[in-house]
Amino acid sequence: MLGLVAFVVFAVAATFAISGIHGPDYAILRFFSTISNRSTFFDHAVFDLTKEMFSNVFLVTFVVYAWFSTDDEDRQAGILVGVIMSFVSGMLSRCIQVGVPSHLRPMQDPQVQFGLPQGVLPHAYNHWPSFPSDHAAVMFGLACTVYYAHRNAGLFAFALALPLNITRIYLGFHSPTDVIAGAMLGIIVVMSTHSLKSSLLVRKIMQRKAMNKGIFFALSFYFCFGVGTLFSDYRDVGAEIAHGMGVHVKPKPVDSCAGSAE
């Protein structure tokens, strides 16, 4: 039932974003504009909460807690699948951003009339469409993963993921629709693939884990750190290589105001 609700919410958010229905987003964003840029300390504190060590990486610690809180291999297999699929949801979100025309980041869209909090530089961020939020997809995917393995820790992870993603709305990185859709995407991907924990491949990996714990946990640490940082270093290196080869990713035209495209 939860999966169906998440799918419906994602579909509605996608319809709003692609069809140029921005009224609800604009109302919320303009409200944040009325309370931002009043305190240097507060604006910078909110900005700091978007850094990986205080957001995605923090959610990964819940994954580690859930793993070592149980000896049940079925639950651990579910965590393994969930972490991988949380990363997949982030990749899927980025593909949608590049491939589907929607809207600019609020801080880059003049139609929003968004008041920038102190310290935010709109030109320092990519100008791809912002729908849906890849950070929200990964964070809520991880929270869903933890919930399957440890209910109380999962609820706390969800409760933490929500305000951490609201900070991205406050700063103009994403609209509410972006965050809602990203969150639902992460939940959908993790829920729809949770049964893979019983697959032959996952069972073989779990067997290898028992025989080679050192290698398994070393690779797990590396991958989880990558998920926590959204593999930012790899993306930066890839962008530099692509730039050096003269290859540039050009997203489809972005809707910068209701019904028009740039």
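A few notes on this one:
- Rounded to whole Hz, the Karplus (6.51, -1.76, 1.60) HN-Hα couplings of the range 157-174, x for glycine and proline: 5, 4, 5, 7, 4, 4, x, 5, 7, 5, 4, 6, 6, 4, 7, x, 5, 9
- Considering only alpha-carbon pairs that sit under 8 angstrom and 6 or more positions apart, the relative contact order computed for the range 83-148 is 53 percent.
- Computed over neighbours whose Cβ is under 15 Å from that of Tyr234, the net charge equals -3, Lys and Arg +1, Asp and Glu -1.
- Kirkwood estimate for the range 44-195, i.e. one over the average of 1/r between Cα atoms, Å: 15.7 Å
- Residue-wise HN-Hα coupling along the range 22-36, computed from phi with Karplus coefficients 6.51, -1.76, 1.60 (Hz; x: Gly, Pro): 10, x, x, 4, 4, 4, 5, 5, 5, 5, 4, 5, 6, 10, 8
- Rounded to 10°, Cα long-axis angle of helix 73-99 versus longest principal axis of the chain: 30 degrees
- Comparing His174, His103, His127 in a Gaussian network model of the chain (Cα springs below 10 Å), the most mobile by mean-square fluctuation is His127.
- Isotropically averaged projected area of the chain, using the convex hull of Cα atoms (one quarter of hull area), nm²: 15.0 nm²
- Calculated from backbone phi, Karplus (6.51, -1.76, 1.60) coupling profile of the range 39-51 in Hz, x at Gly/Pro: 9, 4, 4, 5, 4, 6, 5, 5, 4, 4, 5, 8, 5
- The percentage of C-alpha pairs in the range 131-178 whose separation is greater than 15 Å is 42%.
- Loop trypsin sites (Lys or Arg not before Pro), the range 33-131 (other Cβ atoms within 10 Å of the site Cβ: 16 or fewer; DSSP): Arg38, Lys51
- The mean sequence distance of close C-alpha pairs (under 8 Å, at least 6 residues apart), as a share of the length of the chain, puts its relative contact order at 32 percent.
- Amide hydrogen proximity for His103: with H placed 1.01 Å from N in the peptide plane, the residues at 5 or more positions away or on another chain lying under 5 Å are Ser130, Phe131, Asp255.
No lab work stands behind these numbers, since they all come straight from the coordinates. Quick caveat: nothing in here was measured; it's all calculated off a predicted structure. In this analysis, Cβ positions are derived from the backbone assuming ideal geometry, glycine residues included, and neighbour counts consider all displayed protein chains.
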